Amino acid sequence: MRSVADVQQSLRQRAEHHLRLAVLRDLGRGQPSTVEPYQPSGGWFWRLVFVPAYRRLPWTVKERAMGRLGMTASGWQPPARRPGEPWRPPAR
């Protein structure tokens, strides 16, 4: 039987893979002399449900969901700035 960590890792890898394929499709669309990226069989849920839903959710919802599923790094403090804020050097 697979451990929870194995299931989480598999879920994360599958999600990253299909998000990466979606980005490659978007980048190549409309570019001359590009070919459609390889589309493995199956994965219809990831392509038709997960990727569009993931793109529409705000970052705070994604961050909360990943935290509850235990799919985030632990033992470190996140940076003080929020996504979209410009970088500033740390105070001395």
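For segment 10-36, what are the residues that are of a type in the set (Gly, Ala, Ser) and in a helix (DSSP H, G or I)?
10, 15, 22, 28
Any residue at all in segment 11-29 that is surrounded by 10 or more Cβ atoms within 10 Å (Cβ to Cβ) and touching a residue at least 60 places away in the same chain (Cβ under 8 Å)? Within segment 11-29, one or more residues are surrounded by 10 or more Cβ atoms within 10 Å (Cβ to Cβ) and touching a residue at least 60 places away in the same chain (Cβ under 8 Å).
Table: residues versus (1) at pLDDT 85 or above; (2) touching a Gly at 6+ places or on another chain (Cβ under 7 Å); (3) more than 22 Å from residue 18 (Cβ to Cβ); (4) of a type in the set (A, V, I, L, M).
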position: 48; (1), (2), (3), (4): yes, no, no, yes
position: 51; (1), (2), (3), (4): yes, no, no, yes
position: 59; (1), (2), (3), (4): yes, no, no, no
position: 65; (1), (2), (3), (4): yes, no, no, yes
position: 76; (1), (2), (3), (4): no, no, yes, no
position: 79; (1), (2), (3), (4): no, no, yes, no
position: 85; (1), (2), (3), (4): no, no, yes, no
position: 90; (1), (2), (3), (4): no, no, yes, no
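Restricting segment 50-79 to residues that are hydroxyl-bearing (Ser, Thr, Tyr) and part of a helix (DSSP H, G or I), the residue that is nearest to the chain's Cα centre (by Cα) is 54.
The values are calculated or read from the model by the stated rules, or taken from the named source; none is laboratory data. All figures in this text were calculated on a predicted structure; none of them were measured in a lab. Cβ sites come from the backbone with ideal geometry, for glycine too, and all protein chains shown count toward neighbours.
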